[in-house]
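Asks: Before anything else, here's the structure in question.
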2 protein chains.
Amino acid sequence: MTYSIGVDFGTESGRIVILNLDTGEESDSTVVAYSHGVMDDTLYTSGEKLPPDWALQDPSDYIDVLEQGIPEALRKAHVRPEQVIGLGIDFTSCTVLPVKSDGTPLCKLSEFKLRPHAWVKLWKHHAAQPIADKINGVASNLGAPFLSRYGGKISSEWYFPKLIEMYEEDRELYEATDAFVEATDWVVWYLTGMERRNSCTAGYKAMWSEEGGLPGREFFQQINSEFVYPEEKLGTRFYPLGTRAGYLRPELADSLGLPATVAVAVGNVDAHVSVPGLGVNTPGSLVMVVGTSICHLTLTELEVRLPGITGVVKDGILPGLYGYEAGQAAVGDMLAWYVEQAVPAEYHRFAQELGLSIYEYLEQRAVEIQPGSSGLIALDWWNGNRSILGDADLSGVLFGISLTTTPAEIYRALLESIAFGTKRILENFVEHGIPLQELIATGGIAWKSPLLMQIYADVCGLPVRVYDSQEVPARGAALFGAVAAGSEVGGVATISEASERLRPLLQAEYTPVSTVQQAYRRLYAVYRNLYGLLGEQQAGLLHELKDLRREVWSSTPDNV
Amino acid sequence: MTYSIGVDFGTESGRIVILNLDTGEESDSTVVAYSHGVMDDTLYTSGEKLPPDWALQDPSDYIDVLEQGIPEALRKAHVRPEQVIGLGIDFTSCTVLPVKSDGTPLCKLSEFKLRPHAWVKLWKHHAAQPIADKINGVASNLGAPFLSRYGGKISSEWYFPKLIEMYEEDRELYEATDAFVEATDWVVWYLTGMERRNSCTAGYKAMWSEEGGLPGREFFQQINSEFVYPEEKLGTRFYPLGTRAGYLRPELADSLGLPATVAVAVGNVDAHVSVPGLGVNTPGSLVMVVGTSICHLTLTELEVRLPGITGVVKDGILPGLYGYEAGQAAVGDMLAWYVEQAVPAEYHRFAQELGLSIYEYLEQRAVEIQPGSSGLIALDWWNGNRSILGDADLSGVLFGISLTTTPAEIYRALLESIAFGTKRILENFVEHGIPLQELIATGGIAWKSPLLMQIYADVCGLPVRVYDSQEVPARGAALFGAVAAGSEVGGVATISEASERLRPLLQAEYTPVSTVQQAYRRLYAVYRNLYGLLGEQQAGLLHELKDLRREVWSSTPDNV
């Protein structure tokens, strides 16, 4: 028996599974929560209040995941260390940090630890929106060829906005940065001692392509005329997914309780690894990775350039196919916000009396509500809109509140808004010639909320399938670890073969219920109108609220 | 020393004060909560689920207010019964009930007690909107002269929509109804044994005027061709405010502990009595009665007909002046909804630890928030929009929600939405030639929320004044009681004289703060746009949500 380890670095925690490469059986997962979590309010080293739209992390938390989690996972799974041949990781993205040439994060140096830009900027750090706007303006004026690969718009979440934000706001720190790396590449660097940047994040988040490389010096000088194109900080070589980055550093192997013969794959992205993790290796399926946000992924044989997507990258998910990414910016995050900020005490008490989690209780209540009966509808833009508007300066809206509106009705409206947002994305793919026959959902909510899955089926009019794996991204990462190890030592030759042979079992299938279709068609028509009204024709209204918020914030730094 | 008693019948309770007619001193109030409260979910006699937008009351609760409250109020105030010369009441309106010719409410007859239409329909019962729409359409087609007195639109809350709703939905009950009366007139009837309908509610809620009477038979046949104009149910004579309806029925006087010589004024309306209650008897002031909803009242010497008001009635507030009413449909109700349905447990815990009510705690947190810093804005349409759109089928909206939105920010956004709604009403008066120099606020929130009062001043750019009376409506009602008694027994000759001589003291004055005006101007510009967009140009979107809600509800009667 041979095994590969997959480590999935999420927004709040890291999750580890060990995959049996002969049977496809996956171990129970080991979860290590990040002790510093997401810093979106204050920086813990200084107590400094962070501006709106910031979101930082501490890279030490990632090392804790490896050092606490891997030995524990081996112990729990009764796997002998010498049976492990590969290790793959996946990460949120674009989650980036500045490091020295030996890989030391700048935030770990005493001279920089109080500086916000020295820390990991998490994917949902949105403060660089003005820079993204500038990049989009310039790219659009110049007719930059990369733009159409990203639906006509790059996001404030991405690599260059986050880098240039540091350049503009903390020049000294920028100068001290030797490399600005995706966290997924940084962890691989830490594991192997080798800086091996992966081509997936480069393609989806740094406008890189095999043919064109990165956007050049001339382009960025139009963004900021003083900006010195920092070739050495960006890296020049990007390795295809499944490439072996190296082997475990011997001293680290010791502390992880693994042999130094374990091959490590280049870094990957949580959403993207999920596609092979679910056994998908052909066009026609929309994979939805439902977590704090949603990533929608699909594959085609021929390239289609279309607006409203996050990106299309050749070989970006599976070799030989075009991989498309779209997304919704707040899903689990929005529901967590709701539970923390707006669910009354009474509901928590009822949940406790029934021995249910608050989510389970809300779901139990929300199931009983007929579609359309609450009069509510939401725009799920709590964290901006990723697809199809690509506008981080939009914000959430709840319509139709009345004096008899209940928490369960609001919760259901939030679930419905998630499904409506996906339907808009689905429509966009179909209208541009990418037909889709099924939705495949994965991620915590896919198992925990049968109601959301049923709403998806009813709203989209397609079957929704859920596969029996508790840790699809970690499973997908483990497959890449097996490919990195290679078939000669009991691994796998290609990721496509691995995904097919080790596909998990179908666990649940949700089919559209005809009796609620009519109500959902009417609700979606209203949603579609509001989406266009507040997200396109009159987007200036929500933008003005965001602008004013930023201005007031910046003129009152002690604002609480 | 002579005294007059004022009884104010609100949405949740009745409140009694005893006014010293020599000193103007008002007693502490006595409050009797309605034991059946507002029935908007189920009818307690049958357990029957009520449709959306229904709101009923039990008239026995009003009698409890008199019988428990008056003796208690006399005891507490150490007033000897023989010192009391007058009694006035005021009520929410249009709050109406069907009764037999002896005044017995139909809901108190065993054969009708299970029938929803037999109960008191509270002012905020909104289910007759389709009938109001029909009335408005017909009136507009016919160019009915009354329409322009009501800003071009009558409300679903009013007398005829509620009556015709009964006609259409429960004909048998309609046939059994001898009189369909305002609750304020019914209580006066109960007190005196005399059916004496007042001209204020007739003018503001039943399209009556001194010159034109009620709309006639021909008009209503266009609404419903079968509808037999029920002259005898409507009453034919309406008495001016301050008229003595009669004296206490001797048997009731006994049980109230009062002499049968106490004069009782004809019924009045809570908002309207507040104008003399606050000592206002000239144009230029906008009186805001801030409770579950807000009524805005002002006076002019010459009549102006303008859109977007609830109504203008000659002598409707004070004799010799035109009285204008406008309003916002949910204020205290909206805040109560928020506290009950959406404030998290943590806030309740903090409030308790600090020994504060949840409202006090929310206010304490909300005071610290800079205008514009939350990115939130609300349309306060939780119960529809009364002025200036007159559209009960609109519903509330909260814009700008993000993952960092806090409950205190939402609470402040709700307070701001109340002030923005008033600013829209103020603008409308001023644009039509009714200049206003000050806001005078009264009602619970005027004392309890200095923050809301300051926001009013800042948003509207006018001083806001609050007078030292805990029970302005009851005080105003007592003034009318004194007028009903007459000056010959120690009462007062005219209400204008009474209001001036017994004016309460100024308690607090809020003046606009210049540093926040700019942020509020920008926020209001966004509000104004959203108001027009969702309330006028694209009102169909919120209407469709309400329509769908009604349809789903009516097709699933066991909907929970």
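The values are calculated or read from the model by the stated rules, or taken from the named source; none is laboratory data. Quantities reported herein were computed from a predicted structural model and do not represent experimental measurements. Note that we place each Cβ from the backbone using ideal geometry, even for glycine, and neighbour counts take in every protein chain shown. Side chains are part of the model used for accessible areas, which takes the heavy atoms of the whole protein and leaves out ligands, DNA and RNA. Shrake-Rupley method; radii C 1.70, N 1.55, O 1.52, S 1.80 Å.
Asks: For A:Arg503, state whether it is away from chain B (no Cβ under 14 Å) and either open to solvent by 30 Å² or more (accessible area, probe 1.4 Å) or not in a loop (DSSP other than H, G, I, E, B) (or both).
Replies: yes
Asks: From the residues in the stretch B:329-339 that are facing chain A (nearest Cβ under 8 Å) and open to solvent by 10 Å² or more (accessible area, probe 1.4 Å), which one is modelled with the highest pLDDT?
Replies: Restricting to residues being facing chain A (nearest Cβ under 8 Å) and open to solvent by 10 Å² or more (accessible area, probe 1.4 Å), the top hit is B:Trp337.
Asks: Inspect all residues belonging to the stretch A:463-472 and state whether any of them is of a type in the set (Lys, Arg) and touching a residue at least 60 places away in the same chain (Cβ under 8 Å).
Replies: No, there is no match, as no residue in the stretch A:463-472 is of a type in the set (Lys, Arg) and touching a residue at least 60 places away in the same chain (Cβ under 8 Å).
Asks: Return a yes/no flag: does the stretch B:256-263 have any residue that is of a type in the set (Val, Ile, Thr), over 30 Å from B:Leu362 (Cα atoms), over 14 Å from the mean Cα position of the chain (by Cα) and open to solvent by less than 10 Å² (accessible area, probe 1.4 Å).
Replies: Yes, the stretch B:256-263 contains at least one residue that is of a type in the set (Val, Ile, Thr), over 30 Å from B:Leu362 (Cα atoms), over 14 Å from the mean Cα position of the chain (by Cα) and open to solvent by less than 10 Å² (accessible area, probe 1.4 Å).
Listed here are the residues, each with its yes/no results for (1) open to solvent by less than 20 Å² (accessible area, probe 1.4 Å); (2) part of a strand (DSSP E or B).
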{"position": "A:Lys162", "(1), (2)": "yes, no"}
{"position": "A:Glu175", "(1), (2)": "no, no"}
{"position": "A:Phe180", "(1), (2)": "yes, yes"}
{"position": "A:Leu191", "(1), (2)": "yes, no"}
{"position": "A:Met194", "(1), (2)": "no, no"}
{"position": "A:Thr201", "(1), (2)": "yes, no"}
{"position": "A:Gln221", "(1), (2)": "no, no"}
{"position": "A:Tyr229", "(1), (2)": "no, no"}
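Asks: Could you tell me whether any residue of the stretch A:376-386 is in contact with a His (Cβ under 7 Å, 6 or more places away or on another chain), more than 26 Å from A:Val513 (Cβ to Cβ) and more than 7 Å from chain B (Cβ to nearest Cβ)?
Replies: yes
Asks: Moving to a separate point now. Report, by residue number, each residue of the stretch A:242-255 that is open to solvent by 30 Å² or more (accessible area, probe 1.4 Å) and under 14 Å from A:Gly481 (Cα atoms).
Replies: A:Thr243, A:Arg244, A:Tyr247
Asks: What pairs come out if I take residues in the stretch B:66-79 that are closer than 11 Å to B:Ile16 by Cα and pair them with residues that are open to solvent by 10 Å² or more (accessible area, probe 1.4 Å) and part of a helix (DSSP H, G or I) whose C-beta lies under 7 Å away, six or more apart or interchain?
Replies: Pairs that qualify, where the first residue is closer than 11 Å to B:Ile16 by Cα and the partner is open to solvent by 10 Å² or more (accessible area, probe 1.4 Å) and part of a helix (DSSP H, G or I), are B:Leu74/B:Pro81.
Asks: Taking A:Cys94, is it farther than 27 Å from A:Gly476 by Cβ and either part of a loop (DSSP other than H, G, I, E, B) or over 16 Å from the mean Cα position of the chain (by Cα) (or both)?
Replies: So A:Cys94 fails the test.
Asks: Could you check, for the stretch A:340-354, whether at least one of its residues is closer than 16 Å to A:Leu436 by Cβ, of a type in the set (A, V, I, L, M, F, W, C) and away from chain B (no Cβ under 14 Å)?
Replies: There is no residue in the stretch A:340-354 that is closer than 16 Å to A:Leu436 by Cβ, of a type in the set (A, V, I, L, M, F, W, C) and away from chain B (no Cβ under 14 Å).
Asks: Shifting gears a bit: Please give the number of the condition B:Ser469 fails out of (1) modelled with pLDDT of 95 or more; (2) open to solvent by less than 60 Å² (accessible area, probe 1.4 Å).
Replies: It fails just one condition, (1).
Asks: What single numbered condition from (1) in contact (Cβ under 8 Å) with a residue 12 or more places away in the chain; (2) under 21 Å from A:Ile18 (Cβ atoms) fails to hold for A:Val516?
Replies: In the conditions (1) in contact (Cβ under 8 Å) with a residue 12 or more places away in the chain; (2) under 21 Å from A:Ile18 (Cβ atoms), A:Val516 misses (2) alone.
Asks: Then there is this: Quick check on the stretch A:38-89: of everything there that is part of a strand (DSSP E or B) and β-branched (Val, Ile, Thr), which residue is nearest to A:Asp333 (Cα to Cα)?
Replies: A:Thr42
Every residue, every condition in (1) within 27 Å of the chain's Cα centre (by Cα); (2) outside any helix (DSSP H, G or I); (3) more than 10 Å from every other protein chain (Cβ to nearest Cβ), yes or no:
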position	(1), (2), (3)
B:Glu509	yes, yes, yes
B:Gln518	no, no, no
B:Arg521	no, no, yes
B:Tyr524	yes, no, yes
B:Tyr531	yes, no, yes
B:Leu534	yes, no, no
B:Leu545	yes, no, no
B:Arg550	yes, no, no
B:Trp553	no, no, no
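Asks: So for the stretch A:479-496 (the condition being β-branched (Val, Ile, Thr), touching a residue at least 40 places away in the same chain (Cβ under 8 Å), surrounded by fewer than 23 Cβ atoms within 10 Å (Cβ to Cβ) and within 24 Å of A:Glu416 (Cα to Cα)), does at least one residue qualify?
Replies: no
Asks: Would you list the helices (runs of 4 or more DSSP H) that sit entirely within the stretch A:361-466 and hold 1 or more residues that are modelled with pLDDT of 95 or more, of a type in the set (D, E, K, R) and crowded, with 21+ Cβ neighbours inside 10 Å?
Replies: In the stretch A:361-466, the matching helices (runs of 4 or more DSSP H) lie at A:407-431, A:450-460.
Asks: Now for a separate question. Write out, first by first residue and then by second, each pair whose Cβ atoms fall under 7 Å of each other, whose residues are 6+ apart or on separate chains, and whose first residue, in the stretch A:133-149, is free of Cβ contacts under 8 Å to residues at least 40 places away in the same chain while the second is buried (at least 17 other Cβ atoms within 10 Å of the Cβ) and in a loop (DSSP other than H, G, I, E, B).
Replies: Going by the 7 Å Cβ cut-off, the qualifying pairs are A:Asn136/A:Lys153; A:Asn136/A:Ile154.
Asks: Would you please list the contacts, defined by Cβ atoms under 8 Å and residues six or more apart or on different chains, that run from a residue in the stretch B:300-324 that is in a loop (DSSP other than H, G, I, E, B) to a residue that is acidic (Asp, Glu) and open to solvent by 10 Å² or more (accessible area, probe 1.4 Å)?
Replies: That search, which allows pairs on different chains as well, returns B:Asp315/B:Glu210; B:Leu321/B:Glu301; B:Leu321/B:Asp315.
Asks: Moving on to the next point. Would you confirm whether or not the stretch B:14-35 contains a residue that is in a strand (DSSP E or B), β-branched (Val, Ile, Thr), open to solvent by 20 Å² or more (accessible area, probe 1.4 Å) and within 30 Å of B:Glu500 (Cβ to Cβ)?
Replies: Yes, the stretch B:14-35 contains a residue that is in a strand (DSSP E or B), β-branched (Val, Ile, Thr), open to solvent by 20 Å² or more (accessible area, probe 1.4 Å) and within 30 Å of B:Glu500 (Cβ to Cβ).
Asks: Continuing with this model, one more query. Can you report the number of residues in the stretch A:292-303 which are in contact with a Pro (Cβ under 9 Å, 6 or more places away or on another chain) and surrounded by 20 or more Cβ atoms within 10 Å (Cβ to Cβ)?
Replies: Qualifying residue count, the stretch A:292-303: 2.
Asks: Working carefully through the options B:Thr511, B:Thr556, find the one that is polar (S, T, N, Q), closer than 30 Å to B:Gly277 by Cα and open to solvent by 10 Å² or more (accessible area, probe 1.4 Å).
Replies: B:Thr511
Asks: Which condition number in (1) surrounded by 15 or more Cβ atoms within 10 Å (Cβ to Cβ); (2) out of contact with any helix residue (DSSP H, G or I) (no Cβ under 9 Å at 6 or more places or on another chain) is the one that B:Thr104 fails?
Replies: (1)
Asks: Sort out which residues of the stretch A:214-230 are over 23 Å from the mean Cα position of the chain (by Cα) and touching a residue at least 12 places away in the same chain (Cβ under 8 Å), and write them in order of number.
Replies: A:Pro215, A:Gly216, A:Arg217, A:Phe219, A:Phe220, A:Gln222, A:Ile223, A:Asn224, A:Phe227, A:Tyr229, A:Pro230
Asks: Restricting attention to the stretch A:264-279, does a residue exist that is open to solvent by 10 Å² or more (accessible area, probe 1.4 Å) and within 23 Å of A:Leu191 (Cα to Cα)?
Replies: Yes, there is a match, as at least one residue in the stretch A:264-279 is open to solvent by 10 Å² or more (accessible area, probe 1.4 Å) and within 23 Å of A:Leu191 (Cα to Cα).
Asks: Does the stretch B:70-77 contain at least one residue that is open to solvent by 20 Å² or more (accessible area, probe 1.4 Å) and in contact with a Gly (Cβ under 6 Å, 6 or more places away or on another chain)?
Replies: The answer is yes, given that some residue of the stretch B:70-77 is open to solvent by 20 Å² or more (accessible area, probe 1.4 Å) and in contact with a Gly (Cβ under 6 Å, 6 or more places away or on another chain).
Asks: With respect to B:Gln83, determine if the residue is without any contact (Cβ under 8 Å) to a residue 40 or more places away in the chain and open to solvent by 20 Å² or more (accessible area, probe 1.4 Å).
Replies: So B:Gln83 fails the test.
Asks: Name, by its number, the condition in (1) assigned to a loop (DSSP other than H, G, I, E, B); (2) within 14 Å of chain B (Cβ to nearest Cβ) that does not hold for A:Leu258.
Replies: (2)
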